[in-house]
Each structure stands twice: as structure tokens, then as C-alpha cells.
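Asker: First, the structure itself, so that you have it in front of you.
The values are calculated or read from the model by the stated rules, or taken from the named source; none is laboratory data. Quick caveat: nothing in here was measured; it's all calculated off a predicted structure. A quick note on method: Cβ atoms are made from the backbone with ideal geometry, for glycine too, and the neighbour counts reach across all protein chains shown.
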Amino acid sequence: MRPGYIPFNRPYTAGSELANLREAFDNGHLSGTGPFSARCSERLERETGSRCALLTPSGTAALELATLLAGIGPGDEVIMPSFTFVSSANAVVLRGGVPVFVDVRPDTLNLDERRLEGALSPRARAVVPTHYAGVGAAMDEIGAFARAHGLLVVEDAAQAYLATYKGRPLGGIGDLGALSFHETKNVMCGEGGALLVNDERFVERAEIVHEKGTDRRRFSRGQVDKYSWVDVGSSFPLSDVNAAILSAQLERGDEILEKRLGIWNAYHEAFGELESRELLRRPIVPSACSHNGHLYYLLLGEAVDRERFIADLEESGVQAVFHYVPLHGSVGGRRHGRIAGEMRNTDAAGERLVRLPLWTAMSADETGRVVDAVHASLSRARAGVRS
């Protein structure tokens, strides 16, 4: 990496990770469900109000665990936005189910709750809203729709740790919720995730499926004299090595949140004038939502060439990236999914969205350099000049 280059992401070190790792080795428990895993799970349960928080090797694994618990089987349909990460769809397809893709709202880029009725079929079993950029989807309307039609709600809250919707923690509102602690997330452990079990009906079975389909947790609590295979499952626990890193990060969660919001707000203020000139559109956060500064994106104006814009920033020493290729237009999406209605907003986001560098330890100087690079590129685009 060349000197002064500003990458899209740089993992944050909270400070006590190495001490925690030493403690984990001293404990002699490095596999899953160890002391640090218990510490992290208890904290997540307190913060989200979840009945049970089970650490997993990734957010993807959390979604796969949720799909198993939801009983998704061959031919069952699960409604989700097309503008989301492939893990939401893969979890369904792996069980023989069919992801049903709907458009997103033009403001938050979250699942458009007004499109749910048109996506409904007798095979529908669940809805999976994604809280894009840590901004909550319309959970009241989604929940009401799900209850009216006997569907489960599985929140893809991979980007949403410490964000809320109407004061309720994201991931802790639906029947089940999935968090991610990948190194690009606000709080991370390299690779990791968690399933939040919010409905009491799923707690006992979640513990079994999480532990390879065995009643090992009941055994560890002295509730049975031996453990055995009792249900379908897989090896879903996160190692206590990763949990030791995660614990250090969770302890600094509020500080991380404050730092990221400061960078997000600096970007937001700096790009207001460009938005007024219709060169871009800034993120929109509804009043019901408290976001977590997970990422800052720009929706470029139709007259702006996104590839040229990204190349301009790269030449200025700033790494900017686009985001999802919409699932409904991908090879896998066409093969395994079903499209419900038009995808105007999804297609626009897929073509126009650019994410800017945002990581916890970014300095004010680095943030300012990104702002300057954006202004310079869009000024050239406005003038019709190519660098």
C-alpha cells in the first residue's frame, strides 16, 4: 500500500485483544462455547433483549442456522430484498427453498414493505429484511404483514450492531436475527457472527442445532447425564480464540459507535452542497431510526460516470468501492430465485452507489482528504473535464 493511501477499510484494534488471547490460552479452552463465548453471548443478550445469543463463525452461518430453525424446506419461499448480500439467499437455497426478490425503498435502500403483498404466495414461509448501512427497515409494517400471513421474520442485521428502530435494537425485533463481526463491520473478530433468538419457541432447539444436533448444552448444565444426537445440526459455534477478540471489541462498542458517527456526520455535512446541485444523493435516515455509522455511501447523479469517479478517487489515493450486484440479475439469482415485480430502485442502487472509506480510527485529515477528492472529481464531471 503506497504511503498516504486511504483504504476502504482498516480493522480497528480496541486495545485488549492480545491480553484476552493470552487469557484464552491460559484458560486452556480454545474451541467454541468457552468462557469468552459466554461473556460475549451474555453481553449481546443484554444489549439486544434477545432470549438467547449464539456465537457463530460468521454472519453467513448465523443466517444458515436461522433458516434451519425456520424449517425452510424444498419449494418454500422466503421474501427478501434483491439489494443485499448473497448469504441471505444462499441460506434459503441450501435448504431447497426459493428466495423471492423484491425491490427496495428509494430512501433507505431497505426492503420496500409496500411490495410484500405482491410477493406473497402459498409457499411463503418467512421474510428476511436487511438493515442496509445500519439503518432499520420498516419493522412495524414488516412484522404486521408477517403476523397476518403466518410468516417468520428473520432480520439480516449483519451491518446493524448497536443501531435501533423506534428505540429497539436491530436484530432483536424479529423472531430471529443475524449479526456479523467480519473485519469490515463496526465491531469485529476477523470472522464471526451471532444468531439472536428472540422467540422463546426456538431457544431449546437453537441450542441443539447450534451444537451439531446434540443436547450438549443441556449436558453441560447438568440437565442430562450424557449428550447424544437428537436433531439435525452442524458445527456452528465460534472458537473462543475469536470470541476473545470479539469480547475486547464489544467492551469498546459505545466508543467505536461514537467515532464512526463522527466520521459519518463529517461526510454528510461536507456533501450537502453537492446534493443541492444534484450531483449525488446522500444517505437518508428516517426519524424512527438511530443508525450506527456502519458505512457512508453516495448515490451518484445520472450524469456522473461511476467507474470514472472511482478511478478519480483512486488516483487521489482514496479507495472507494461499489456494493452489491443485485441478486435478481446475478447468475445464481436467476437460477435459484423468483422476482416479484419491478426492480427500479434496486437497479438504480446497483448502478449508482459508491461507498467511501469509513473505519473507526480514521483521522480528521484522512476524512478531509476523501471529501476533497470527491469534490474534485465531481467538479470535473460537472465541467465535462476528464482527468
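Asker: Could you figure out which of (1) within 18 Å of residue 362 (Cβ to Cβ); (2) touching a Ser or Thr at 6+ places or on another chain (Cβ under 7 Å) isn't true of residue 271?
Answerer: With respect to (1) within 18 Å of residue 362 (Cβ to Cβ); (2) touching a Ser or Thr at 6+ places or on another chain (Cβ under 7 Å), residue 271 is out only on (2).
Per-residue answers, yes or no, for (1) in a loop (DSSP other than H, G, I, E, B); (2) more than 26 Å from residue 208 (Cβ to Cβ):
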| position | (1), (2) |
| --- | --- |
| 67 | no, no |
| 83 | yes, yes |
| 88 | no, no |
| 95 | yes, no |
| 101 | no, yes |
| 115 | no, yes |
| 125 | no, no |
| 136 | yes, yes |
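Asker: Tally time: how many residues in segment 106-116 are farther than 15 Å from residue 140 by Cα and crowded, with 20+ Cβ neighbours inside 10 Å?
Answerer: Just the residues of segment 106-116 that are farther than 15 Å from residue 140 by Cα, to begin with: 106-109.
Now drop any that are not crowded, with 20+ Cβ neighbours inside 10 Å, which leaves 108-109.
Counting residues in segment 106-116 that are farther than 15 Å from residue 140 by Cα and crowded, with 20+ Cβ neighbours inside 10 Å gives 2.
Asker: In segment 256-303, which residues are free of Cβ contacts under 8 Å to residues at least 60 places away in the same chain and assigned to a helix (DSSP H, G or I)?
Answerer: Once the filter is applied, which keeps residues that are free of Cβ contacts under 8 Å to residues at least 60 places away in the same chain and assigned to a helix (DSSP H, G or I), segment 256-303 yields 258, 261, 262, 265, 268, 269, 272, 273, 275, 276.
Asker: Quick test for you: out of 15, 96, 73, 34, pick the one residue that is surrounded by fewer than 23 Cβ atoms within 10 Å (Cβ to Cβ), in contact (Cβ under 8 Å) with a residue 24 or more places away in the chain and touching a Pro at 6+ places or on another chain (Cβ under 8 Å).
Answerer: Values: 15 fails: touching a Pro at 6+ places or on another chain (Cβ under 8 Å); 73 fails: touching a Pro at 6+ places or on another chain (Cβ under 8 Å); 34 fails: touching a Pro at 6+ places or on another chain (Cβ under 8 Å).
Selected residue: 96, the only one of 15, 96, 73, 34 that is surrounded by fewer than 23 Cβ atoms within 10 Å (Cβ to Cβ), in contact (Cβ under 8 Å) with a residue 24 or more places away in the chain and touching a Pro at 6+ places or on another chain (Cβ under 8 Å).
Asker: Write out, first by first residue and then by second, each pair whose Cβ atoms fall under 7 Å of each other, whose residues are 6+ apart or on separate chains, and whose first residue, in segment 311-334, is under 16 Å from residue 356 (Cβ atoms) while the second is charged (D, E, K, R) and in a helix (DSSP H, G or I).
Answerer: The qualifying pairs are 318/369; 322/306.
Asker: Would you confirm whether or not segment 288-309 contains a residue that is at pLDDT below 95 and at negative phi?
Answerer: Scanning segment 288-309 turns up at least one residue that is at pLDDT below 95 and at negative phi.
Asker: Please state which of the following conditions residue 206 fails to meet, knowing it meets all the rest: (1) farther than 30 Å from residue 255 by Cα; (2) surrounded by fewer than 24 Cβ atoms within 10 Å (Cβ to Cβ).
Answerer: (2)
To keep it simple, each residue is scored yes or no on (1) basic (Lys, Arg); (2) under 19 Å from residue 291 (Cα atoms); (3) surrounded by 24 or more Cβ atoms within 10 Å (Cβ to Cβ).
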{"site": "160", "(1), (2), (3)": "no, yes, yes"}
{"site": "168", "(1), (2), (3)": "yes, yes, no"}
{"site": "171", "(1), (2), (3)": "no, yes, yes"}
{"site": "201", "(1), (2), (3)": "yes, no, no"}
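Asker: Check residue 335 against each of (1) assigned to a loop (DSSP other than H, G, I, E, B); (2) surrounded by fewer than 20 Cβ atoms within 10 Å (Cβ to Cβ) and name the one condition it does not meet.
Answerer: With respect to (1) assigned to a loop (DSSP other than H, G, I, E, B); (2) surrounded by fewer than 20 Cβ atoms within 10 Å (Cβ to Cβ), residue 335 is out only on (1).
Asker: Of the residues that make up segment 37-49, is at least one among the hydrophobic types (A, V, I, L, M, F, W, C), touching a residue at least 40 places away in the same chain (Cβ under 8 Å) and either within 29 Å of residue 247 (Cβ to Cβ) or not assigned by TED's automatic domain parsing to the domain that holds residue 169 (or both)?
Answerer: Initial filter on segment 37-49 (among the hydrophobic types (A, V, I, L, M, F, W, C)): 38, 40, 44.
Within this subset, residues satisfying the condition of being touching a residue at least 40 places away in the same chain (Cβ under 8 Å) are 40, 44.
If we keep only those that are either within 29 Å of residue 247 (Cβ to Cβ) or not assigned by TED's automatic domain parsing to the domain that holds residue 169 (or both) as well, we get 40, 44.
Yes.
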